[in-house]
1. Go through 106, 58, 54, 70 for me and flag whichever is hydroxyl-bearing (Ser, Thr, Tyr) and crowded, with 18+ Cβ neighbours inside 10 Å.
2. Scan the stretch 30-48 for residues that are under 8 Å from residue 106 (Cβ atoms) and not in a loop (DSSP other than H, G, I, E, B) and jot them down.
3. For residue 10, are the conditions met, namely being exposed (fewer than 10 other Cβ atoms within 10 Å of the Cβ) and at pLDDT below 90?
4. Pick from the stretch 73-95 the residues that are assigned to a helix (DSSP H, G or I) and under 15 Å from residue 38 (Cα atoms): which of them is farthest from the chain's Cα centre (by Cα)?
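The values are calculated or read from the model by the stated rules, or taken from the named source; none is laboratory data. A quick note: this is a predicted structure, and the numbers were derived from the prediction, not measured. Note that each Cβ is placed from the backbone with ideal geometry, even for glycine, and that neighbours are counted across all protein chains shown.
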Amino acid sequence: MKNLLQPMTLGLVMAFAGSLAYAQTPLVGNPLAAENKVDMCTGCHALPDYKASYPEVYRIPMIGGQNEKYIENALHEYQKGERIQPSMQAIAASLSDQDIADIAAYFSQKK
């Protein structure tokens, strides 16, 4: 029985260590990869002094030149429901982590 458990234990340890290494590898955003992903953003966030009226009237912020990490965090917060805005929640829900990193990299380089 001892001989059967050792390979299984070793396999579990290696799998766990591999998942930790993967989880700790940060995604790198590629602004060029985002060029086909940002149309849904620029319709609102690239218009000076644009206001939306749903669910209430508010000014849409310009996100060009914004900090990359800030954009990533905001999109993840919309995905989790920690930020509430129906349109942004729907858009964020459709994005992968790589999409978010790419979009954040794209807008952080725009002015």
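1. 106
2. The answer is 34, 35.
3. Here the answer is no, as residue 10 does not meet what is asked.
4. Ranking the qualifying residues of the stretch 73-95, first place goes to 87.
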